[in-house]
Amino acid sequence: MKRLLRHRLFWPIVALVLLIALNTASRPSFLSITINDGALYGSLVDILRNSAQLMLVAVGMMLVIATRGIDLSVGAVLAVSGAVTLTWIAGSSSPGSIETVATAIALGLGVTLILGLWNGFLVSVVGIQPIIATLVLMFAGRGVAMLITQGQITTITSAPYTFIASGHLLGLPFALYISVLVVLVVSLLVRRTALGMLIESVGINPEASRLAGVRSRGIIWGVYAVSGLLAGGAGILYSSNIMAADANNAGLNIELDAILAVVIGGTSLMGGKFSISGTVIGVLILQTLTSTITFLGIPPAVTPVFKAVVVIVVCLLQSRRVRELILRRRKVSRPSPVEPLEAVMSR
Amino acid sequence: MTDPAVIVDARGITIEFPGVKALDDVDLSLRAGEIHALMGENGAGKSTMIKALTGVYAVDAGTISVGGIERRFGGTDDAQSAGIATVYQEVNLCTNLSVGENVMLGHEIRGRFGIDWRATHAAAAEALRRLELEIDPRSPLSSHSIAVQQLVAISRAMVIRSTVLVLDEPTSSLDRDEVERLFAVMRALRDNGVAILFVSHFLDQIYEICDRVTVLRNGRTEGEYRVAELPQVELVAKMLGRELADLDSIAERTAHTARPDEQTAPVMQVLALGRKGALEPVDLELYEGEVVGLAGLLGSGRTELARLLYGADHADTGRTRIRGSAVRVSNPRAAVDNRIAFSSEDRRSEGIIGDLTVRENMILGLQARRGWARRVPRAQQDRLVATYMQSMDIRPADPETLIRNLSGGNQQKVLLARWLAMAPQVLILDEPTRGIDVGAKAEIQRLISQLAADGLSVVFISSELEEVVRLSHRICVMRDHAKVAELHNGEGVDVDDLVSLIAQKGQVS
Amino acid sequence: MSAPTTSLTGTRAAVFVSAVRSRTASWASVLATVGMLVLMLAIGQAAFGDFITPRLISSLFLNNSFLIVLAVGMTFVILTGGIDLSVGSVIAFSGLLGAQLLAHGWPSIVVIPLMILSGTVIGAITGVMVAFFEIQPFIASLAGMFLARGLAYVVSLKSLPISDGGVDWLIATQFTVGQWSVTPGVILALLFVACAFWVLHYTRFGRTVYAIGGNAQSARLMGLSVTRTTFIVYLISGTCAGVAGLIFASYTGSGNPLAGLGMELDAIAAVVIGGTILTGGSGYVLGSLCGVLVYGLIQITITYMSIDSWWTYIVIGALLLIFVVFQRLLGARRRA
């Protein structure tokens, strides 16, 4: 029981289950899934579909955070990707053709990859603190997105593009496939190779990793590139959903939600050990929370209050002090980072 | 001769961490005007005891009275107001502030409009002068050496009118002159009636400066002794609770002959390797099966040379040859590719990856060399780890323990294993035995001898010249960022020779 | 033998040089900001002719008075190595709360303290989480940010006008000398800067703030009250945000749930441009004031040049980059 309580995913999962239970209690139809036109519909399916954007951004963010970094620019990058893609489609003669859409997407992702590489360059080569390095692009990126759309909200009509966010494949939303694919690919990439361990190693102790021969510069550069790319993917999902490039509002505050999801999932902002399953649960909690509020008839604008409550509760539960109180562990005012004796003994 | 008054009297101190008693019924008395040593192997409870005395940990049982009044410390400030000040091994000051501020922080002199900086700095200067430290209190702390920072920390302790001074391994990063300086200060404080608790791994220092010693073993008091009445061998025996055959067997190996085969080509050869401000160009040849000791004071260039050999820092000048062919070792990766290994003197911040397991720490080097895409197969990992855990007697013998939970000596062994797993041809060890207990020290020394006998080329750095003399086939003496002498070890070479070489004229930098 | 002394401390001259260099280095970033400010004014003057006028300078302060107050609070937080993301939302919460209460006929003498207090409360919540529960400031203040923004919407879902004399007075009253004019809001903001400077440099609390930013662990072991100081720092930042909300409400004559969106970033940017290092322990509140003025000047210049407003983002991003790289180079030199 104690081990279960101490597992780092215990409380996040409890929170998710509680949220779903709350919804079901208030309206039993929450759990029901209907089949319409060979596609599944229902609140749970919606949650999975709508969480795709955040999932992409959060997975990238998690990798960045694991290296002791943070990527504040994802919202702006997301806006840039939507702006680039839609401007290309809007300017093309056949907005409905697959080739146009594919080119546009490749272009959008390419640009965001470059933006990610730029962040990585500032952090790993120039050596600027991540929070500041990405703050630069957080400001400038949105400006660039507006520059591309000339401050307009570009709208398009393109069936293939609509399909990305709203289409169904084998009964399930296409966006869900994208989100599952990203999670799977990243999981395989980090856990089947040594990438995960090296990322954690760099996040825990960069200098020791360097001296052990780890190419930390490349790793750090890489995670920012991935984060940029995934934010770009989220931008395509976002713009496909509303079929418009809104440089002002696309991805507003998504960096905060993503960071929140990662932290709820048990990855520390201090870097090091990360948990993909935790991040997935974190994203689902946030998305379920948003749906719950709409579901319960509360004005969506008030959502932040509930998010705040979730942050506070989850953080408090993960906080060492509170755990000590719960588990009645001895109170130690502040052990030094390495306290061999105490730690050995606590085993 | 009557015993001086007891200032701090700790009786029956017990501190429990979940599952285990870190301290079990420990007694410690500090007397005014005495320097008291606290000795014990790593894990004996020294640091826990210090943290109990300084209010970092709350005690579960037992009493601490200061000046006859029983105290309960809720935090470091409680201990400080009871007159107990502490200087930790890693200097705990704020490098972003000035020297004077660090001395006076929390005790600044206030005038009508807030802090009176003129008076505050004057008071700081006064406190520094008492330790014969003639530095500008307005200069930033970061502009001074670790030794000076340590003395600044002591000045701070004096400003808060402490009657008790706890020094937790203050000498581990000081060179000989600096230690002498510190000792002079300690003696002066002692003569002023301050009770000093001194923790050090250097036995000689204990005998030089301390009046009494309390020995801890496995969280219990082994006993309190007058240093003058306790032979060194007996002290070590009490700390270890075992016979000293281990240590003696290493000492016997001193009679090294010269390098086995004079004819072989060097494994690694550097010409004019140097870096501006860190190291004057140095020539050095490393041979198979040979331990090369780098002797010199801290800051003499010994660590700088080691780092340049490994490419940890960027060299401005120099050429490197490995087995005759020219290579560039401009970063750790290049070094690793050339099978050069380097263990930093700063184990905690440049060695271990604290939150990774022992297994992951061991294979990290190997994995880094293979690149991220080709993971070391789990079976191979387990095999490697099991081999090294057994051959080095790493404890606890659980490869999935986080390395930060190991004692210093065991962490060092894991780091050695990390490098050995890569089958290096050159192994550079910067202070591999610093801050670890006597038993582990002997094991690591034996391991180094063994590795050299197996054909590895080892570069060995230690502040303890006895150790350098004991282990090395050849010794390079470093001074003022340059190599000043190179001698073959053997009969007739002893510590005094090295000391005189190190201390020759022009030592002032 | 005098060797030990010399080898310990280096020569007197070397110490002096290093002291001067290091002290200059910590001011150098601020000087760079001042230099930037002067340069921008000079270029503006050269390009537009009558750029530097009492009116322009007055309105620079007037239009940014709330940002100055925010930056003051943010400076405290960043000096301890923390960050406070909640301040932008507090502006909305505080302003809207005031507007709603005034609309219900409460007297401004009661409402104004309540508006300020609303910020203090949010700051206290963030502070408790950071100081007592050791939650990372970024996340803790993120909670504060969500909470304040959400509470603003709870108070009212749409913008409410303010026509109360007591609140209006802060901005509507103008003390004019020739073309120079100043409002109580500006005076209040400058008063905050002055107080912050005194607190940071002439009180033990202020020095503890720097010590925590330098090394919190050391500060704790030195017997400084790290927990209490950290808590108070967030309290200060929250209170400053409450005051900024008051000034902003007075400035816009309304309470708006969308007010202050992203303004925490403006404040952080201003503090960084002002030479304070985000890891804490180094920086000056006067630098933050200059940072805000640079920020304001960019907006004015872009208006003057009548180019599209999104260039503001790009220019500020570029400016941040320049400053950060500059600080980085300074830091590298200091370490060498």
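None of the figures in this text is laboratory data; all of them are computed from the coordinates on show. Quick caveat: nothing in here was measured; it's all calculated off a predicted structure. So basically every Cβ, Gly included, is an ideal-geometry build from the backbone, and we count neighbours across all protein chains shown.
After finding the eigenvalues of the alpha carbon gyration tensor for chain C, what semi-axes result from the square roots of 5 times each, listed largest first in whole Å? Write down the numbers at each step before the final one.
Numbers: eigenvalues 255, 142, 56 Å².
With the √(5λ) rule applied to chain C, the semi-axes are 36, 27, 17 Å.
In peptide A:130-137, how many Cβ atoms from other protein chains are near each Cβ within 10 Å, on average? Write down the numbers at each step before the final one.
Numbers: counts 1, 6, 12, 5, 0, 10, 11, 3.
Rounded to a whole number, the mean comes out at 6.
Expressed as a rounded percentage, what relative contact order does chain B have, with Cα pairs under 8 Å and six or more residues apart? List each step's numbers first, then the result.
On the way: 997 pairs, mean separation 76.8, N = 509.
Averaging sequence separation for qualifying contacts and normalising by length gives 15 percent for chain B.
Order these by the 10 Å Cβ neighbour count, fewest first: A:GLU200, B:GLU101.
Values: A:GLU200 22, B:GLU101 26.
Fewest to most other Cβ atoms nearby, the residues stand as A:GLU200, B:GLU101.
Can you list residues whose amide H is under 5 Å from A:GLY272's amide H, if they're 5+ apart or on another chain and H is modeled 1.01 Å from N?
Sorted by chain and number, the residues that satisfy this are A:THR67, A:ARG68, A:GLY203, A:ILE204.
Percent relative contact order of the stretch C:210-336, based on C-alpha pairs within less than 8 angstrom and at least six residues apart? Intermediate values should be presented prior to the final figure.
Values: 82 pairs, mean separation 26.7, N = 127.
Computed over the stretch C:210-336, the figure is 21 percent.
Could you check the simple spin-label distance between A:MET270 and B:PHE183, using points 7 Å along Cα→Cβ, in nm with one decimal?
In this crude spin-label approximation the distance works out to 3.9 nm.
Testing the spin-label approximation: label points 7 Å from Cα along Cα→Cβ at A:ARG8 and B:ASP78. State their distance in nm.
3.3
Have a look at the stretch B:158-238 and give its Rg and Dmax from the Cα atoms, expressed in angstrom.
13.3, 39
If I stretch the segment between C:ARG228 and C:ALA318 completely, what's the gain in nm (0.36 nm per residue apart, minus their alpha carbon distance), one decimal? Present the calculation step by step, with values, prior to reporting the outcome.
Values: separation 90, 0.36 × 90 = 32.40 nm, distance 3.74 nm.
Additional length available on full extension: 28.7 nm.
Taking each residue in C:201-211, count the Cβ atoms of any other chain within 10 Å of its Cβ, then average. What number comes out? Don't skip to the answer; put the middle values down first.
Details: counts 3, 8, 4, 8, 1, 2, 9, 3, 0, 5, 8.
So the per-residue partner count for this stretch is 5.
Okay, helix-only estimate at 222 nm for chain A: each DSSP H run of n ≥ 4 adds -39500 (n - 2.57), divide by all residues, round to 500 deg cm²/dmol; what do you get? Let's see the in-between values first.
Numbers: 17 runs with 235 residues, N = 347.
The per-residue figure over chain A is -22000 deg cm²/dmol.
To the nearest 20 debye, what charge dipole does the protein assembly as shown have about its Cα centre, counting +1 at the Cβ of each Lys and Arg and -1 at the Cβ of each Asp and Glu? List each step's numbers first, then the result.
Details: 96 positive and 92 negative charges, 451 e Å.
Magnitude of the dipole: close to 2160 debye.
Given the Cα-Cα distance of A:VAL313 and A:ILE35 and 0.36 nm per residue of separation, how much length would full extension add, in nm?
Contour length minus the Cα-Cα distance gives 96.4 nm.
Which cross-chain or sequence-distant (5 or more) residues have an amide H under 5 Å from the amide H of B:ASN489, H modelled 1.01 Å from N in plane?
Hits under the 5 Å cutoff: B:ARG474, B:ILE475.
Putting +1 on Lys and Arg Cβ atoms and -1 on Asp and Glu Cβ atoms, find which of B:ASN410, B:ALA58, B:PRO266 reaches farthest to the positive end of the dipole of the protein assembly as shown.
Farthest along the dipole direction, towards plus: B:ALA58.
What residues have an amide H closer than 5 Å to that of B:MET478, excluding those fewer than 5 places away on the same chain, when H is modeled at 1.01 Å from N in the peptide plane?
When sequence neighbours closer than 5 places are left aside, the close amide H contacts are B:ALA295, B:GLY296, B:VAL484.
Which log10 I(q)/I(0) values, to two decimals, does chain B give at q = 0.08 Å⁻¹ under the Debye formula with one point per Cα?
Each listed q maps to, in turn, -0.56.
Quick check: pseudo-label points 7 Å beyond the Cα along Cα→Cβ at B:GLU70 and C:LEU258, how many nm apart are they?
6.7
Which trypsin sites (Lys or Arg not before Pro) does the stretch B:349-388 hold that lie in a coil by DSSP with at most 16 other beta carbons within 10 Å? Kindly include the intermediate steps, with their values, before the conclusion.
Values: sites: B:ARG359, B:ARG369, B:ARG370, B:ARG374, B:ARG375, B:ARG378, B:ARG383; in loops: B:ARG374, B:ARG375.
Sparse-neighbourhood loop trypsin sites (Lys or Arg not before Pro): B:ARG374.
On a 0 to 90 degree scale, rounded to 10, what angle separates helix C:310-335 from the longest Cα axis of chain C?
Taking Cα atoms only, the helix is inclined about 20 degrees.
Once the stretch C:134-291 is represented by equal point scatterers at the alpha-carbon sites, with solvent omitted, what log10 I(q)/I(0) does the Debye formula produce at q = 0.12, 0.19 Å⁻¹?
-0.66, -1.34
I need the P(r) histogram for the protein assembly as shown: all alpha carbon pairs, bin width 20 Å from 0 out to the longest distance, whole percents.
10, 37, 36, 15, 2, 0
Can you show me the helix-derived [θ] at 222 nm for chain B, built from DSSP H runs with n ≥ 4 at -39,500 (n - 2.57) apiece and divided by the number of residues, rounded to the nearest 500. Before the final figure, lay out the partial values.
Details: 18 runs with 178 residues, N = 509.
Roughly -10000 deg cm²/dmol at 222 nm, from the helical runs in chain B.
Among C:VAL69, B:VAL270, what is the fewest-to-most ranking by other Cβ atoms within 10 Å?
Starting with the residue having the fewest Cβ neighbours, the order is B:VAL270, C:VAL69.
Could you rank the peptides B:309-321, B:158-170, A:251-263 by their average count of other C-beta atoms within 10 Å per residue, with the highest value first? Walk me through the numbers on the way to the answer.
Values: B:309-321: 19.0, B:158-170: 21.2, A:251-263: 25.5.
Packing order, densest peptide first, comes out as A:251-263, B:158-170, B:309-321.
Short version: ³J(HN,Hα) in whole Hz for each residue of the stretch A:163-169, in order, from phi by Karplus 6.51 cos²θ - 1.76 cosθ + 1.60 (θ = phi - 60°), x for Gly and Pro, what are they?
My calculation for the stretch A:163-169 gives 4, 3, 9, 10, x, 10, 10 Hz in order.
Given all pairs of different Cα atoms, what value in angstroms does the Kirkwood hydrodynamic radius of the stretch B:37-94 take?
Evaluated over the stretch B:37-94, this radius sits at 12.3 Å.
What residue among A:PRO300, A:ILE259, A:TRP118 has its Cα farthest toward the positive end of the dipole of chain A, where the charges are +1 on Lys, Arg and -1 on Asp, Glu, each on the Cβ?
The listed residue farthest towards the positive side: A:ILE259.
Would you tell me the mean number of C-beta atoms belonging to other protein chains that fall within 10 Å of each C-beta in B:348-360, as a whole number? Numbers along the way, then the final one.
Numbers: counts 5, 6, 7, 5, 5, 13, 7, 10, 9, 1, 0, 0, 5.
The shielding value for this peptide is 6.
Counting only C-alpha contacts under 8 Å and six or more residues apart, can you give the relative contact order of chain C as a whole percent? Can you show the working numbers first?
Details: 559 pairs, mean separation 107.0, N = 336.
It rounds to 32 percent for chain C.
With 10 angstrom as the radius, rank B:ASP496, B:ASP346 by how many other C-beta atoms surround their C-beta, starting from the fewest.
Working: B:ASP496 10, B:ASP346 16.
Listing B:ASP496, B:ASP346 from fewest to most nearby Cβ atoms yields B:ASP496, B:ASP346.
Once the Cβ-Cβ distance between B:ARG323 and C:MET305 is put in as r, and R0 is 45 Å, what FRET efficiency do you end up with, to the nearest 0.05?
Details: r = 66 Å, r/R0 = 1.46.
Efficiency, from the Cβ-Cβ distance: 0.10.
Before rounding to the nearest 500, sum -39500 (n - 2.57) across all DSSP H runs of length at least 4 in chain C and divide by the residue total; then give [θ] at 222 nm in deg cm²/dmol.
After summing the helix terms and dividing by residue count, I get -26000 deg cm²/dmol.
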